[in-house]
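Below: the structure, in structure tokens.
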Amino acid sequence: FKENVEEDRVSIDDADSDETDFSIFETGSSATFHSSLHGFFDGFWENILWWKGPNVCVEREQIDDNTHQNKTKVKIEDDDDAQHEKTIFGSFNTCEQTDYEYRCTSKIHTRRIHRTYIVTYKCCHGYGRVRGQSCTELNMKGLLETATDLGGKDFVELIRTAGLEEKVSTDNLTLFVPIDDAVRDFSDSIQEANQVEFYIPSASARRRRSPEMEYTNMKDVVLGHIVSGIKELNSYKTDKVLYTDNHNSTIRTDSHFDFRTTQRITIANCAKVISTNNLATNGIVHVVDRVLRPVTKTLAELIGEDSKFSTLKSLLSKTKLMKLLENPGEITLFAPSDSAFENLDPVVKSRLLNGEVCAENVLRHHLSKSILCSAKIEAHVRAVNMDDEIFHFELTEDDEKLLVSGVQIVAKDIVGTNGVIHVVDGIIMPDS
């Protein structure tokens, strides 16, 4: 909904209610200063305070922190020496702005309330900020045409081949659109592996295909790029999970600041998002640099179903670490293949396979309790393993190889519902 909010300041005691009015947190001290200016400066401040102008929509989010944080309490004695508890209260307010969003966060701690309120201002759908101006109407096209204009012609052809053209033309959707080169590379690799019926046929070829061929796994792959509703990607929510129309296959988005390029990098299931928040008449398009494979399995399931990890699976099962890979979370596993274990010194290999104490110690050096995608590695990243020891995740100088603690990664970014796997050709051996 559209609205221009009147700004008011009130006592924090006014928030001591289960039904708090969000308007008390939408502060704007510059409004008084703005109202005293005229002429040239009015236009200047109108651009800076664009979120107070027309065609701005407001989103409000209320988070109950009582289950996540402990209140600080003091005891007070009355005349009857009966003890009562009183909560110490206060507030914290902060606002941040990007080119397309203004966001204020207020944390309120009162006697009965412990909550976070988030108020986000942005241009309503169909409007945008052009060259830093206030929200003006955009000349938008449909999702299919927008995706084509952004370099996703081959993906649009796949949408039509999968029989999803009407859905994408009429529903309000979010599309993650792979660029043409990514679709062709993926199609070639899939056909070589005989994993799925997936190619970009001509119109006449599509007409000749049987219904069984028309709706093979290709449709599931395409649906794994489609999310119902309009989901913007922004720099505030750095880790967000979206559920796609492919049986709730997930897309995990993340954002981080790259100090080398001084730019913010956004990723989706470890694919780099090269263009975000492209509005269409019935949705929004984000462009990615690779095809997103459906994500429906945990890391434990991915390891258990792949024959090249039989040794790793056996070792994990002898420890408590397999449970970790089964449960929800954010895990990175540097997974040694069977050939990596074969190359070990026979004595070390024997000790590991016999399930001695050192086996779990070694495996913990292959795990990190955070998701590390290769797209985050511009040159060198330091991270922490499960034993809180630092390891190095880096590209070689010629950008030819990706290494972790000196061990080469031979397959990267295998995404599960609870993390990501990188296949390594050696064992990361702790100093101990």
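Of note:
- Accessible solvent surface per residue of segment 152-191, calculated while the other protein chains remain in place, 1.4 angstrom probe, Å²: 40 Å²
- Taking every protein chain into account, the accessible area of segment 266-400 amounts to 47 square angstrom per residue (probe 1.4 Å).
- Inter-site label distance for ASP338 and HIS247 at 7 Å from Cα along Cβ, in nm: 2.7 nm
- In this structure, the residue pairs whose Cα-Cα separation is over 23 Å, taken from LYS318/LYS349; LYS141/LYS167; LYS318/LYS412; LYS122/LYS231, are LYS318/LYS412.
- Segment 285-378, relative contact order in percent, only Cα pairs under 8 angstrom and at least six apart counted: 29 percent
- Qualifying trypsin sites (Lys or Arg not before Pro) for segment 262-338 [loop in DSSP, other Cβ within 10 Å: at most 10]: LYS320
- Percent RCO, i.e. relative contact order, over segment 125-195, from Cα pairs under 8 Å lying at least 6 residues apart: 26 percent
- Solvent-accessible area, 1.4 Å probe, carbon plus sulfur percent, for segment 317-364: 52 percent
- Simple spin-label estimate for LYS272 and ASP99 in nanometres, 7 Å along Cα-Cβ: 1.8 nm
- Area of ASP181 that stays accessible when all protein chains are in place (1.4 Å probe, Å², to 10): 90 Å²
- Förster radius 41 Å - calculated FRET efficiency between ARG131 and GLU330, Cβ distance, rounded to 0.05: 0.60
- Shape of segment 309-426, Cα gyration tensor, a/c cut at 1.5: oblate
- Of SER189, SER432, SER249, the order by accessible heavy-atom surface (1.4 Å probe, DNA, RNA and ligands excluded), from most exposed downward, is SER432, SER189, SER249.
- The accessible area of HIS114, taken with all protein chains in place and a 1.4 Å probe, comes to roughly 10 Å².
- Surrounding net charge for THR105, when Lys and Arg each add one and Asp and Glu each subtract one, Cβ distance under 10 Å: 0
- ILE179, ILE421, ILE427, reordered so the largest accessible area comes first (probe 1.4 Å): ILE179, ILE427, ILE421
- Heavy-atom accessible area, probed at 1.4 angstrom with all protein chains present, ranks GLU101, GLU61, GLU400 as GLU400, GLU61, GLU101, highest first.
- Here the simple spin-label model places points 7 Å from the Cα toward Cβ, and for SER310 and SER370 these points are separated by 3.7 nm.
The values are calculated or read from the model by the stated rules, or taken from the named source; none is laboratory data. Computed from a prediction, not measured in an experiment: that's the story for all the values here. Quick reminder, even Gly has a Cβ in these numbers, built from the backbone with ideal geometry, and neighbours come from all protein chains shown. These area figures cover heavy atoms from the full protein model, side chains too; ligands, DNA and RNA do not enter into them. Shrake-Rupley method; radii C 1.70, N 1.55, O 1.52, S 1.80 Å.
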